[in-house]
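Below is one structure, written out as structure tokens; the observations come after it.
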């Protein structure tokens, strides 16, 4: 299926799943959970607090070599969005930072593959948030102790903390 068909298909509306496609156009779904949603929210709150010179997006669709992947959270600079915000359906390049929150249905090999796909599309950093809220930061060369773009971003997010 083409991405436009996926997002416009009546039977795929209002599903409690994140929908992505693979390189053959097959639909892949990942179930959402309240914990996953809370982790996304905390990450967004941190971006809003620290990233005044860019914008944050949730459920950000990015065209990759293996179909459309929908990043849980993404952060892009003003320049990225000046180049890409006219995109109707999907971003053809990746925002500078892509964040994936690991769900029980995500395998480590799947997360590693997605990370590579985002780097191929121009991501500067890919962050993985594990089930305990521990953040793992990567650039195209490998793992980082902290984000190079958001050095103040915490190494662990507290999903029980009220803001």
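Taken together, the values in this text are just the output of simple stated rules run on the coordinates, not laboratory data. All of these numbers come straight from a predicted model, not from anything done at the bench. Every residue, glycine among them, receives a Cβ derived from its backbone with ideal geometry; neighbour counts consider all protein chains shown.
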In segment 107-120, residues that are buried (at least 16 other Cβ atoms within 10 Å of the Cβ) and outside any helix (DSSP H, G or I) total 0
Of the residues in segment 105-145, those that are touching a residue at least 40 places away in the same chain (Cβ under 8 Å) and farther than 24 Å from residue 158 by Cβ come to 113, 114, 117, 118, 120, 121
The number of residues in segment 146-163 that are over 21 Å from residue 76 (Cα atoms) and without any contact (Cβ under 8 Å) to a residue 24 or more places away in the chain is 2
Cβ pairs under 7 Å, 6+ apart or interchain, first in segment 57-82 and in a helix (DSSP H, G or I), second surrounded by fewer than 24 Cβ atoms within 10 Å (Cβ to Cβ), ordered by first then second residue, are 78/53; 78/54; 80/96; 81/55
Residue 94 meets each of (1) more than 25 Å from residue 35 (Cβ to Cβ); (2) more than 13 Å from the chain's Cα centre (by Cα); (3) part of a loop (DSSP other than H, G, I, E, B) with one exception, condition (2)
Exercise. In this structure, does residue 100 turn out to be within 24 Å of residue 34 (Cβ to Cβ), buried (at least 20 other Cβ atoms within 10 Å of the Cβ) and free of Cβ contacts under 8 Å to residues at least 40 places away in the same chain?
Worked result: yes
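Yes/no matrix, rows are residues, columns are (1) more than 18 Å from residue 48 (Cα to Cα); (2) out of contact with any helix residue (DSSP H, G or I) (no Cβ under 9 Å at 6 or more places or on another chain):
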{"position": "91", "(1), (2)": "yes, no"}
{"position": "115", "(1), (2)": "yes, yes"}
{"position": "130", "(1), (2)": "yes, yes"}
{"position": "144", "(1), (2)": "yes, yes"}
{"position": "147", "(1), (2)": "no, yes"}
{"position": "157", "(1), (2)": "no, no"}
Condition set touching a residue at least 24 places away in the same chain (Cβ under 8 Å) and in a strand (DSSP E or B), scope segment 38-56, selection farthest from residue 148 (Cα to Cα): answer is 55
Given (1) part of a loop (DSSP other than H, G, I, E, B); (2) closer than 25 Å to residue 34 by Cα, residue 128 misses just (1)
